[in-house]
Amino acid sequence: MSRMQIPPDFPVFQQVGNQILPSHLAKGPWYPGTQHGSAMLLLAAMAVEQVPSAVPRQVTRLTVDMLSAAPLAPIDLVAHLRRSGRNLEALDISICSKGQEYVRASALRYGVADVPVADRLKCDGNTPVLPQPPRQPFFAQMQDQEGFHNAIEIRIDLKAQPAVMWFRLKHPVLPGQPITPLQRVALASDWTYSVPSFSHHILTGEAFDAQPFYGINPDTTINLHRPAAGEWVGIQTHASYSDLGAGTVMGQLFDETGAIGFCTQSILVRRRASPATGNSAP
């Protein structure tokens, strides 16, 4: 199987006039002609960063509601400042294509201040260590296919309890622009609900579609107390599910120097179609 040769400076998106054009790196695996959820979170992060501020500010919260899978088509990013105060700014973001809204997001930015806090207020616990590269890269079986999996590198530490999954965005979001800390966190946070299933798959060898149900994450909320440093962002997650077709997943976010915040996702749990009949599994 031949590996796709993609130049390292090839971007996930292009900007043409006032519109954003997805490249094949934005492609998702679920529906033909649609973007990956991580790509949509990158768009939301990019939209927030395009709104200027008169004073230095950092994003403390980004909430992204995925109303529907965005198409691999020209995208309109609409972001505006809803309120600007001395300590906080509130922003609204809309991601549309051909007049239809696919993603709605909101963000809070706080004014940066030098306020040393007591050690007891800082994050407890050990900082996970970035593991060595695996013998076989993630998505090796898809190395000849187009998609967002070609834009990222993944490593996982199964010795940690719970497991920690690490993510690195390998390609710029826009041509010639550096990848920002918020973009790196947005990318990783989309995978929050996937960490337990990937860990289970690696430990047991069970196929992803072996269970009679599957999960969909329609939203992601990121809370940060500082920007990420370096290229890698790690997630350690805890998940909880009910028999009512729903679940929640919370992940603590790390860079290689320590904790940076948390992310949460709502999960819709649905029956998987039976391969034999195409009907819902019993």
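As an exercise: evaluate LEU62 against (1) surrounded by 13 or more Cβ atoms within 10 Å (Cβ to Cβ); (2) of a type outside the set (Val, Ile, Thr); (3) farther than 23 Å from ILE260 by Cβ and give the number of the one condition it does not meet.
(3)
Can we say GLU146 is assigned to a strand (DSSP E or B) and of a type in the set (D, E, K, R)?
Values: assigned to a strand (DSSP E or B): no; of a type in the set (D, E, K, R): yes.
Criteria not met by GLU146.
Pairs under 9 Å by beta carbon, first residue farther than 10 Å from ALA151 by Cα in the stretch 10-31, partner charged (D, E, K, R) and at pLDDT 95 or above, six or more apart or different chains?
Hits for this filter: ASN18/ASP76; GLN19/ASP76; ILE20/ASP76.
Can you list residue pairs whose Cβ atoms sit under 6 Å apart, with the first residue in the stretch 239-258 being surrounded by 13 or more Cβ atoms within 10 Å (Cβ to Cβ) and the second being modelled with pLDDT under 90? Count only pairs 6 or more apart in sequence or on different chains.
ALA239/PRO196; GLY258/THR127
Tally the residues that are within 13 Å of the chain's Cα centre (by Cα) and within 18 Å of LEU77 (Cα to Cα), restricting the search to the stretch 1-34.
Of the residues in the stretch 1-34, the ones within 13 Å of the chain's Cα centre (by Cα) are 26, 28.
Subset that is within 18 Å of LEU77 (Cα to Cα): 26.
Total meeting the criteria: 1.
(1) over 15 Å from the mean Cα position of the chain (by Cα); (2) surrounded by 16 or more Cβ atoms within 10 Å (Cβ to Cβ); (3) among the small types (Gly, Ala, Ser): which one isn't true of GLY37, the others all being true?
(1)
Identify, from the list LEU67, LEU77, LEU81, the residue that is touching a strand residue (DSSP E or B) at 6+ places or on another chain (Cβ under 7 Å) and crowded, with 16+ Cβ neighbours inside 10 Å. Steps first, please.
Working: LEU67 fails: crowded, with 16+ Cβ neighbours inside 10 Å; LEU81 fails: crowded, with 16+ Cβ neighbours inside 10 Å.
Among LEU67, LEU77, LEU81, only LEU77 is touching a strand residue (DSSP E or B) at 6+ places or on another chain (Cβ under 7 Å) and crowded, with 16+ Cβ neighbours inside 10 Å.
Just to check your reading of the model, which residue among SER97, SER68 is within 22 Å of HIS24 (Cβ to Cβ) and either within 19 Å of the chain's Cα centre (by Cα) or without any contact (Cβ under 8 Å) to a residue 24 or more places away in the chain (or both)? It would help to see each step written out before you state the result.
Numbers: SER97 fails: either within 19 Å of the chain's Cα centre (by Cα) or without any contact (Cβ under 8 Å) to a residue 24 or more places away in the chain (or both).
SER68 is the lone residue from the list that is within 22 Å of HIS24 (Cβ to Cβ) and either within 19 Å of the chain's Cα centre (by Cα) or without any contact (Cβ under 8 Å) to a residue 24 or more places away in the chain (or both).
PRO116 - would you say it is modelled with pLDDT under 85, out of contact with any His (no Cβ under 6 Å at 6 or more places or on another chain) and closer than 21 Å to GLY234 by Cβ? Outline the logic, then answer.
Working: modelled with pLDDT under 85: yes; out of contact with any His (no Cβ under 6 Å at 6 or more places or on another chain): yes; closer than 21 Å to GLY234 by Cβ: no.
Spelling it out, it is not the case that PRO116 is modelled with pLDDT under 85, out of contact with any His (no Cβ under 6 Å at 6 or more places or on another chain) and closer than 21 Å to GLY234 by Cβ.
Could you run through the stretch 225-266 and say how many residues are over 26 Å from LYS159 (Cα atoms) and either of a type in the set (Gly, Ala, Ser) or assigned to a strand (DSSP E or B) (or both)?
Taking the stretch 225-266 as the starting set, the residues that turn out to be over 26 Å from LYS159 (Cα atoms) are 225-227, 242-246, 266.
With either of a type in the set (Gly, Ala, Ser) or assigned to a strand (DSSP E or B) (or both) added as a condition, the list becomes 242, 245-246, 266.
The number of residues fulfilling the criteria is 4.
The values are calculated or read from the model by the stated rules, or taken from the named source; none is laboratory data. Keep in mind that what you see is a predicted model, and the values were worked out from it rather than measured. Backbone-built Cβ (ideal geometry, glycine too); neighbour counts: all protein chains shown.
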